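Here's the structure we're looking at; comments come further down.
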Amino acid sequence: MTDAGLERLERRVLVLAPLGKDATLTCAALGHTGIECEICADLGCVARELERGAGAVLLTEEAIAYGSESLAGIIARQAPWSDLPILVLTRHGADPDALAHAVREIGNVILLERPIRVAALVSTVRSALRARDRQYRARAHLFERDRAVSALEQADRRKDEFLATLAHELRNPLAPIRNSVHILRLAAPNEASAYLLEIMERQVGYMVRLVDDLLEVSRITRGKIELRKERVELSVVIQAAVETARPLVESARHELTITLTHEPLYLEADRVRLAQVFANLLNNAAKYTDEGGRIWITTAREDDTAVVTVRDSGVGISAASIPRVFDMFMQGDATRARGGDGLGIGLTLARTLAEMHGGTVEARSQGLGKGSEFVVRLPLADDFRPAPPEFPAAARRAVQGQTRVLVVDDSRDGADTLRVLLELLGAEVRVEYDGLAALEAFGTYRPQVVLLDIGMPGMDGFEVARRLRRRPESQNVTLIALTGWGQEKDRRNSKAAGFDHHLVKPVDIDALEGLLSAVHVPADCELSDRQDKSRQSTDPSNSSDGRG
């Protein structure tokens, strides 16, 4: 139906007057004034025509005297935006109780006592149709809003899909980089390289966390980032933040002064997120300080609170801007900023993350051209016992026994570096680069553990896992998904395909070592032992129910 046809139906008046010629006369009177009418024989006809569209219903009291519940049921089925006008022609001396009951049941009712002047009837009907027009405009607004919401939801889904894909593609090159760092640390540990390897490992860790943040954009804006709290000494966090901000500071030839308390200050905090707070403040200082300026970062203790101050000799903040400096996308004078304008979310994140740690961030400035100061206050840990010592990666124990591991990944750099790393940990490793080759190798190599990539071309990891699980010899094999896909739905899918564990690239060496250390019984012995137990459980001679 055309829009014009639908509009005509939605502006007509349905007339129900079962006695005499009331319906015909009423339609004739209204038709002379340009109001289109449709005569209905009964309430069933009214219900059917309402589904096609109507601007109002005009009926006599006789039509509802014994059918108000039916009419009420018809009206109750209308859309939430709709409040259809019902005009009831009553006779003089009508039962007021019956009419009152009808009004309560039906809703938007206008009572017109007969006899009624034609002009009054026409005026009332036109008023009802104008009210109906306003409802149609509200409907159009609601429909437009629903379309906009649907478009936003679709765009949000596409954004999530894009970020998930981007995170996957970024994790893949990070995997061989992290593997190589671990290999160097394990293969040739020495004092000269330990410091550089530590920096490389830490920066790869930061990159991994940033990639994870790509999937948490909405959670960041809603302050729903998951904190991984541990006991940490504040100076360690400050050093990590300084290391992160150092490239921007040094590129601007700033002088950075670091002043730390003599006593260690321990916090219960997520060290990476907290380092992000101070790194953002240092980057902000470097960005809004002219070349060759000065930046200070100092720590202090005030009762049970750790206080960190980041101060600079930069462009300063106007009094009017200070209340808005932490707002999302709020930026200072772009012409005075170094290294690009950025997104204007650094200070917002700094405040959000500090508040999630139970702290505060305060901005201060004496005015434009007089530098700025940001003061972070964080609660100290309940007691000041030292944080547990961190043992270097070079001191890791080798995987117990000669665990046979099959690595399957179409990324040759990732697979080959992982093989070297696992061999340094004491495992026996075979590498395949596609699903079909992995299925063939499984039967001859008989691994105890399969590290299997998901997003491989041709046969993906899910299908490989399903085919492996259909083989009886895979019963005692640990299948580990090693993939760049790390959302919750990906973990559910891997479990459904038969995986025992789901690790996200670049692999956390501690998590991987823990899984492999738990699988140290030779596969042949383990299988034989389980088969013996199975035979014992099914052998009637081993029954313990007392029967001979």
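The values are calculated or read from the model by the stated rules, or taken from the named source; none is laboratory data. This one's a predicted model, so the numbers in the text were calculated from it and none came from an experiment. Cβ atoms come from the backbone with ideal geometry, glycine included; neighbour counts cover every protein chain shown.
Mind counting the residues in the stretch 98-130 that are more than 23 Å from ALA72 (Cα to Cα) and among the β-branched types (Val, Ile, Thr)?
Going through the stretch 98-130 one residue at a time, the tally reaches 3.
Which of (1) assigned to a loop (DSSP other than H, G, I, E, B); (2) surrounded by fewer than 19 Cβ atoms within 10 Å (Cβ to Cβ) does ALA29 not meet, given it meets every other one?
Answer for ALA29: the failing condition is (1).
Yes or no: GLU49 in contact with an Asp or Glu (Cβ under 9 Å, 6 or more places away or on another chain), closer than 21 Å to ASP83 by Cα and part of a strand (DSSP E or B)? Let's see the steps before the verdict.
On the way: in contact with an Asp or Glu (Cβ under 9 Å, 6 or more places away or on another chain): yes; closer than 21 Å to ASP83 by Cα: yes; part of a strand (DSSP E or B): no.
Spelling it out, it is not the case that GLU49 is in contact with an Asp or Glu (Cβ under 9 Å, 6 or more places away or on another chain), closer than 21 Å to ASP83 by Cα and part of a strand (DSSP E or B).
In the stretch 257-280, which residues are in contact with a Lys or Arg (Cβ under 8 Å, 6 or more places away or on another chain) and either without any contact (Cβ under 8 Å) to a residue 12 or more places away in the chain or under 29 Å from GLY292 (Cβ atoms) (or both)?
Within the stretch 257-280, THR257, THR261 qualify.
Before we move on, is ARG117 farther than 30 Å from LYS489 by Cα, surrounded by 13 or more Cβ atoms within 10 Å (Cβ to Cβ) and over 27 Å from the mean Cα position of the chain (by Cα)?
no
Can you tell me which residue is surrounded by the most Cβ atoms within 10 Å (Cβ to Cβ) among those in the stretch 167-191 that are under 23 Å from the mean Cα position of the chain (by Cα) and modelled with pLDDT under 75?
Only one residue fits best here, namely ALA167.
Need at least 2 residues that are at pLDDT below 90 and either buried (at least 17 other Cβ atoms within 10 Å of the Cβ) or within 34 Å of the chain's Cα centre (by Cα) (or both) per element, so show me which strands (runs of 3 or more DSSP E) inside the stretch 305-389 make the cut, counting only ones lying wholly within it.
Fully inside the stretch 305-389 and qualifying: nothing.
Return the pair list, or none, for Cβ contacts closer than 6 Å from residues in the stretch 58-80 that are assigned by TED's automatic domain parsing to the domain that holds ARG11 and under 29 Å from ALA140 (Cα atoms) to residues that are at pLDDT below 75 and not in a loop (DSSP other than H, G, I, E, B), at least 6 apart or on different chains.
Qualifying pairs under 6 Å: LEU71/ILE64.
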